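Notes for the one structure printed next.
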Amino acid sequence: MTAKRMTVVRNGRVLDIKGHRASAADILIDGDSIIEIGQPGLAAPADAAVVDATDRLVHPGLINAHTHGHGNLSKGMGDRWTLELLLTAAPWISGNRTAEDKYLSTYIGALEMLMKGCTACYDLTVEFPQPTPEGLGACAKAYADAGMRAVVAPMVANISFYEAIPGLLDVLPSALQKEVERLRMAPHEASLAAMRTILTSWRLDRELVRPAVAPTIPHHCSDEFMRACARLAREHGVGLHTHVHESKAQVIVGLKKYGKTPTAHLQDLGLLGPDFVAAHGVWLDQDDIKRLADHGSSVAHNPGSNMLLGNGIAAVKLMMEQRLNVGIGTDGAACCDNQNMYESMRVASYASKAQGPDNRRWLATEDILEAATAGSARALGLGDRLGKIARGYKADLVFIDLNHVNWIPCNDPTNQLVHTEDGTGVHSVMVGGRMVVENRRPVGVDFTSLARKAEAARERLAAANAGNKQLFERLQGLVNAFCPGLAKTPYHIDRFAGGHHAHYVR
Ligand SMILES: [Zn+2]
């Protein structure tokens, strides 16, 4: 085997997040990893490939801690949807997908993320009524083909949305009760067997794309299934990822069903640990935050989705004060209709500041940028090699054009990445030492043919899911009357009085 050629990145301005500055430095890369960072003119082998980064700000690739690759073919399909209406719409907006559709949807999202400065993500993808190695393989291949890092997990459940919410089935007329019966999930043994096959037969380079386990929402899974998912993940040394306290209705269901919060229940089931990611965490109280922090778990904060679905704003400042690791995500394009991590960072900043004038409770731009890089990297289980420009870390680098209008002038790179950059200033992107976006274009991608394929898929899926759309239209009024009703149950979390205690009245 011949040694891989080294690469040297010369004359870029390398971001120091906490220092709010970017000084000129050269970066030496061997294979896929950074081996040295030094003053301009850094010694490099004579045959090293040179990347000229003059007039470029170099920042670590952003890492999307929570997304859904299947959402990219459904972007823009809804508006004024709560989380519960989004779940009601799922058979319409994500149903009847072929393996090719799954690939296409994920691939579109991967390209969008790369073009917008994001080099790795945690993707929870759906297959109904259970995962298949072929389906997950299609998603994984999409990331590998795009040259993007990803942790991909099939979202699994053995209880349908209608069975999961106590009382919801009872308010449906019998004809609709019958119709939603066909939305039953597979028995948990079948999903577990499929996941086991996926984990044991993984062929892709795990440094680029690796599998994980994702029981989707606690009350959509039986306790036995949740425990089995945790055992499976730990047997195989892969991550565990669940939607936790996303909507208020979810917490109320948990309190009714378990007599405690879903997070307390997850702790009792043995799910919490350093490998565990709680997506959202909007309705965590102080005890839940402590539970997650004590176990070294992570929260994936998705402020755009949380605002769009009316779920609220997570107490990220409090999480960080409790030393709970926080990563930042976009969530799927069906509930945050793009995959732009710069936007997620800006929304995270604005959402924290919009809550009141006490600026001691606000997130600082460096907290947010750290969360979107090193914090998300830890959530992916890759904190020792992603999320930083440092020796021994992967060469996942974003090159921002400092002659772009977003950067004229460049006063403070940390503030401007969070508050000014919108993705249009990204000039090129490197993953593992290889350029995957050059001069604003993903390398080797034919967008005209991609758009044609997506349009054909869109048309075919619209026809195939016409019945599911009708079903959604018949259900939405009933679900919308019932679930926000649940959310009206008195349950108050005071985030600003320093107490952050929850009050629940049964
Ligand atoms: Zn999600």
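A few points about this structure:
- Footprinting exposure proxy for 488, 317 (fewest neighbouring C-beta atoms within 10 Å first): 488, 317
- Remark on residue 297: its backbone amide H falls under 5 Å from those of 273, a criterion applied only to residues 5 or more positions apart or on other chains, H modelled at 1.01 Å from N.
- Database remark: amide H of residue 36 closer than 5 angstrom to the amide H of 28 (H placed geometrically; neighbours at sequence offset of 5 or more, or on other chains; Pro and chain starts carry no H).
- The stretch 148-182: trypsin sites (Lys or Arg not before Pro) in DSSP coil with no more than 12 other Cβ atoms inside 10 Å: 182
- Whole-Hz couplings from phi, Karplus 6.51/-1.76/1.60, listed for the stretch 81-94; x for Gly and Pro: 9, 7, 4, 5, 6, 4, 5, 5, 7, 3, x, 6, 7, 10
- Each Lys or Arg adds one and each Asp or Glu subtracts one; over the other residues with Cβ under 13 Å from the Cβ of residue 11, this totals 0.
- Couplings 3J(HN,Hα) for the stretch 433-446, derived from phi with the Karplus relation 6.51 cos²θ - 1.76 cosθ + 1.60 (θ = phi - 60°), are x, 10, 6, 10, 10, 10, 6, 6, 10, x, 5, x, 9, 9 Hz, where x marks Gly and Pro.
- MRE, 222 nm, helices only [DSSP H, n ≥ 4, -39500 (n - 2.57), over the chain, to nearest 500]: -11500 deg cm²/dmol
- Shown here for the stretch 338-447: chymotrypsin sites (Phe, Trp or Tyr not before Pro) in loop regions (DSSP other than H, G, I, E, B) with at most 12 other Cβ atoms within 10 Å, of which there are none.
- Where both bridge residues fall in the chain, DSSP classifies roughly 50% of the beta bridges as antiparallel.
- On Cα atoms only, tilt of 466-487 relative to the major axis of the chain in degrees: 80 degrees
- Calculated from backbone phi, Karplus (6.51, -1.76, 1.60) coupling profile of the stretch 183-194 in Hz, x at Gly/Pro: 8, 4, 7, 5, x, 5, 4, 5, 5, 5, 4, 5
- Considering only the Cα atoms of the stretch 193-238, their convex hull presents on average a projected area of 3.4 nm².
- 0 to 90° range, to nearest 10: angle between helix 223-236 axis and the chain longest Cα axis: 20 degrees
- Ranked by how many other Cβ atoms sit within 10 Å of their own Cβ, fewest first, the residues 313, 108, 35 fall in the order 35, 313, 108.
- Summarising the amide proton neighbourhood of residue 12: residues at separation of 5 or more, or on other chains, whose placed amide H is nearer than 5 Å comprise 25, 53.
- Reciprocal mean inverse distance between Cα atoms of the chain - Kirkwood radius, Å: 23.2 Å
- In the stretch 60-204, the C-alpha radius of gyration followed by the widest Cα-Cα span (Dmax) gives 16.4, 54 angstrom.
- Distance histogram in 10 Å bins (all Cα pairs of the stretch 141-221, percent per bin): 16, 35, 25, 16, 7, 0
- Degrees separating the helix 248-258 axis from the principal Cα axis of the chain, which is the longest one: 60 degrees
- Neighbourhood charge, 9 Å Cβ-Cβ cut-off, centred on residue 204 and excluding it, Lys, Arg +1 and Asp, Glu -1: +3
Here, each number is a calculation from the coordinates, and none is a lab measurement. As the structure is a prediction and not an experimental result, all values here were calculated from the model. Note that we place each Cβ from the backbone using ideal geometry, even for glycine, and neighbour counts take in every protein chain shown.
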